[in-house]
Amino acid sequence: MMQHVHLVPEEEEEDLYTGYNDYNPTYDIEELENDVAFQQAVKTSHGRRPPITAKIPGTAAPRAIATGFGARPNLFSSIGRPMTGAVQDGVARPMTAVLAAGYTKAAFRGSSFDPIGQSRGPAPPLENRNEDTPEEKIRQLEKKVNELIEESCIANSSGDLKLALEKAKEAGRKERVLVRQREQVISPENINLDLTYSVLLNLATQYSANELYAEAINTYQVIVKNKMFSHAGRLKVNMGNIYLKQRNYSKAIKFYRMALDQIPGAHKEMRIKIMQNIGVAFVKTGQYADAINSFEHIMAESPNLKAGFNLILCYFAVGDREKMKKAFQKLIAVPLGIDDEDKYISPSDDPHANLLIEAIKNDSLHQMERERKALAEKFIMTAAKLIAPVIETSFAVGYDWCVEVVKASPYVELANDLEINKAITYLRQKNFTKAVETLKMFEKKDSRVKSAAATNLSFVYFLEEEYSHADIYADLAVSSDRYNPAALTNKGNVIFASGDFDKAAEYYREALRNDSSCTEALYNLGLTYKNLNRLEESLDCFLKLHAILRNSAQVLSQIARLYEMLEDPVQAIDWLTQLLSIVPTDAYAQAKLGELYDTEGDKPQAFHHYSESYRFFPSNIEVIEWLGAYYIDTQFCEKAIQYFERAALIQPTQVKWQLMVASCYRRSGSYQKALDTYKEIHRKFPDNVECLRFLVRLCTDIGLKEVQEYATKLKKAEKMKEIREQRVKSGRDGSARSRRDGSASSDSGQSSVTSAKGERLSAKLRALPTSSDPYEPSSHKEIDASYVDPLGPQMERPKTAARKRADDEDFADEELGDDLLPE
């Protein structure tokens, strides 16, 4: 066995680690700078190498290349370099390629290095597209249709609805041309249906925006009836909206339901909106039970504020108290998706964090949150005011229930507002005691609520003309909130009533500094300047107010009055004309405009406006007197009779109107009617001298026997008249003499006053018609009754701070309630 064992001699034993530490100078990079051959190779071009040196073994030595077919002869390049892939010292040289790097044989012939072909110059231009081909024409026309659709949408968004419709129609025309060209070139199956759908939908939308509802419905029908348009049935929602605008509620409900059937359940939000529209349509038709079903479904699936409020309205309409309570609780429980306001409070004094919080407070998202919260509070307050009087035995108990529910909700701050509304309801019911008691409960609340309650209390006492109490609560409101414009306005009103106009103007100006949109303070400031005879400043205030309240009749009336006081009748006429465009039935404005035209000498225009004033209010003595005088001046005495008869009905104790009637009969030639009228006047006023004179004259002209009787009565009446005049004169002289005896300092001024009174008395006596002068306009001071317009002297009273709009035309009770709302 051992004979087959071959032992290796010791000298032939191989060391496994032989050559491990051998150093190959080829990889010595530290001496490359001193290596002449390497530096020469770097300087040569195209990678040519210097001759083989002794230090670095050359690569030109022949090496055997072993293959599977035996030994292969060594291959040498033209410069003695082995070809790629040759084996040298038992190591195969890696395969390389120099062609991709730009190394070619041309390099040896002196050509430049250009691996990316820059020497060839720029690329040749693209071939021009042939626009005469049908495909290219179709492509250009399709592009033009899309541009027209975009232009139509942009015009609609900018408010130019007419241009939007024109662009939509043009897009429709070009799309039809496009369809015909496509049918001639390619098969009808390849027509662009999406483009056709876009054109028709945009056209229908523009028709609807321009209120061309019939055309819009026809266009929608074209889309809906085309089976090639997928999901076109959803457009029936738009058709339902059009029918709703046309108040065709039955068809609107029909199309809403058809659209609801074609919208999948995954589109939950869209289905909820359609259900809400269906409920609104049912409310419009008075089908409250069906509307309740729709809104209840919405509140069960996805509750929102509008649906909850509408549900309360439906329950209120049917009178279901318990359901109203449950619906109110559901409305309060609607989630708003608003974060807590505490996140906007800075937790530290870090300036960067504070800047970030300030930026978040004013961003659009926070504004949207505030708007949503304000809408929720509005719905809750309106619903509470609506249902509180009916859900319990009395409105006070109902308000208490609503307050308790609100206090247990996230809207706890609304409880105080509900309490104030409770006081307002008391005021509407004329129960001022309860209203004051309710408002006084807020004296110990926080500053905002205390200021609002004190403002309302000041307003109530001001209306009752208890100015001392009004002043106390106005001071309380101002001290609680110095920047409350309503409180400052009420304080100014109290001072205005006391006659201190300068101080009142200071409070009004301060209220305007705190809130430049406080129309009440601006109006009252104008009145204050007017009372101070600072007419230009007053006019400036009212012109500013007119810029805010464009259709306020009170403001226009004040501006016209100020121009009249400034002796500018042309401007006064212009502003009164604007006033009549708003309130054409205002008899006072018509009469004032007639008076201004009369002053300017325009009798036809004056007659027109006086006639309109008489038509709207036939009891104004001044208007009746002017119209009667106008007809007498124009020699139409028979037409003047009806006006003087009206005046005699209004003032039956004034003999002059009946005398004017008789005079008109006499002037028009109706002597018998004139005689009968004079006899009737004599029966009512037997001592009237003028009536007896006319009776004597008429009886003499006609030849009646009663002439002697009336002549005797006339003498007695004239004698009695002289006696009365003497008594009046003697009494006046006696009083003047006693004043001279009692006061040594009397001067000629007293006699001038007496003479002035005598002249006025004689003027009044001369005002009665005589035989030579049948008509003389009476002085305004003699008229016992006259029409007082609501926009006249009553306007001079300052406005209360809580009056929301100067041109409010609600009923008195409702206006009182609006006045009490804190600003």
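The values are calculated or read from the model by the stated rules, or taken from the named source; none is laboratory data. Owing to the predicted nature of the structure, the values given are computational and were not obtained by experimental measurement. Here the Cβ is made from the backbone with ideal geometry for all residues, glycine too, and neighbour counts use every protein chain on show. What goes into the accessible areas is simple: the full protein's heavy atoms, side chains included, and nothing from ligands, DNA or RNA. Shrake-Rupley method; radii C 1.70, N 1.55, O 1.52, S 1.80 Å.
Remarks
- Any hit, segment 456-463, residues being in a helix (DSSP H, G or I), open to solvent by less than 20 Å² (accessible area, probe 1.4 Å), at pLDDT below 80 and small (Gly, Ala, Ser): no
- Cross-chain or 6+ apart pairs with Cβ under 9 Å, segment 486-500 first and on the phi > 0 side of the Ramachandran plot, then in a helix (DSSP H, G or I) and of a type outside the set (D, E, K, R): Gly499/Asn531
- Lone unmet requirement of (1) at pLDDT 85 or above; (2) outside any helix (DSSP H, G or I) for Lys430: (1)
- Among the residues of segment 345-394, the ones that are open to solvent by 90 Å² or more (accessible area, probe 1.4 Å), of a type in the set (Ser, Thr, Tyr) and part of a helix (DSSP H, G or I) come to 1 in all.
- Restricted to segment 292-332, and to residues there that are among the β-branched types (Val, Ile, Thr) and modelled with pLDDT of 90 or more, the residue that is surrounded by the most Cβ atoms within 10 Å (Cβ to Cβ) is Ile312.
- Helices (runs of 4 or more DSSP H) wholly inside segment 147-237 that include at least 3 residues being surrounded by fewer than 19 Cβ atoms within 10 Å (Cβ to Cβ) and in contact (Cβ under 8 Å) with a residue 40 or more places away in the chain: 161-185, 193-209
- Among (1) closer than 16 Å to Leu305 by Cα; (2) under 27 Å from the mean Cα position of the chain (by Cα); (3) without any contact (Cβ under 8 Å) to a residue 60 or more places away in the chain - the single one Asp417 does not satisfy: (1)
- Considering the conditions (1) modelled with pLDDT of 85 or more; (2) farther than 30 Å from Trp626 by Cα, Arg666 is excluded by exactly one of them, (2).
- Some residue of segment 583-603 being at pLDDT below 95, in a helix (DSSP H, G or I) and within 26 Å of the chain's Cα centre (by Cα): no
- Within segment 480-532, helices (runs of 4 or more DSSP H) holding 2 or more residues that are closer than 22 Å to Ile559 by Cα, within 24 Å of the chain's Cα centre (by Cα) and not small (Gly, Ala, Ser): 519-531
- Some residue of segment 677-695 being among the basic types (Lys, Arg), open to solvent by less than 50 Å² (accessible area, probe 1.4 Å) and touching a helix residue (DSSP H, G or I) at 6+ places or on another chain (Cβ under 9 Å): no
- The requirement of being at pLDDT below 85, surrounded by 14 or more Cβ atoms within 10 Å (Cβ to Cβ) and over 60 Å from the mean Cα position of the chain (by Cα) is satisfied by Ala717.
- Checking segment 396-409 against the condition returns a match, with at least one residue being assigned to a helix (DSSP H, G or I), β-branched (Val, Ile, Thr) and exposed (fewer than 14 other Cβ atoms within 10 Å of the Cβ).
- For segment 275-291, the set of residues classified as within 15 Å of Lys251 (Cβ to Cβ), part of a helix (DSSP H, G or I) and open to solvent by less than 70 Å² (accessible area, probe 1.4 Å) consists of Asn277, Ile278, Val280, Ala281, Phe282, listed by residue number.
- The residue of segment 571-587 that is surrounded by the fewest Cβ atoms within 10 Å (Cβ to Cβ), among those that are β-branched (Val, Ile, Thr) and touching a residue at least 24 places away in the same chain (Cβ under 8 Å), is Thr585.
- Of the criteria (1) closer than 26 Å to Ala396 by Cβ; (2) surrounded by 15 or more Cβ atoms within 10 Å (Cβ to Cβ); (3) modelled with pLDDT of 85 or more, which one Glu466 fails: (2)
- Residue check, Glu638 out of contact with any helix residue (DSSP H, G or I) (no Cβ under 6 Å at 6 or more places or on another chain), assigned to a helix (DSSP H, G or I), within 30 Å of Arg697 (Cα to Cα) and open to solvent by 50 Å² or more (accessible area, probe 1.4 Å): yes
- Top-ranked residue of segment 130-145 - restricted to ones that are in contact (Cβ under 8 Å) with a residue 24 or more places away in the chain and open to solvent by 70 Å² or more (accessible area, probe 1.4 Å), ranked as farthest from Glu175 (Cα to Cα): Glu135
- Whichever residue in segment 549-570 is open to solvent by 20 Å² or more (accessible area, probe 1.4 Å) and under 18 Å from Leu527 (Cβ atoms) and, among such residues, is nearest to the chain's Cα centre (by Cα): Gln554
- Count of segment 588-627 residues, restricted to those that are under 21 Å from Arg561 (Cβ atoms), touching a Pro at 6+ places or on another chain (Cβ under 7 Å) and open to solvent by less than 40 Å² (accessible area, probe 1.4 Å), is 1.
- On inspection, Asp701 passes the criterion of being in a helix (DSSP H, G or I) and either of a type in the set (Asp, Glu) or in contact (Cβ under 8 Å) with a residue 60 or more places away in the chain (or both).
- Ile242 meets each of the listed conditions (1) farther than 26 Å from Phe282 by Cβ; (2) β-branched (Val, Ile, Thr); (3) at pLDDT 90 or above apart from (1).
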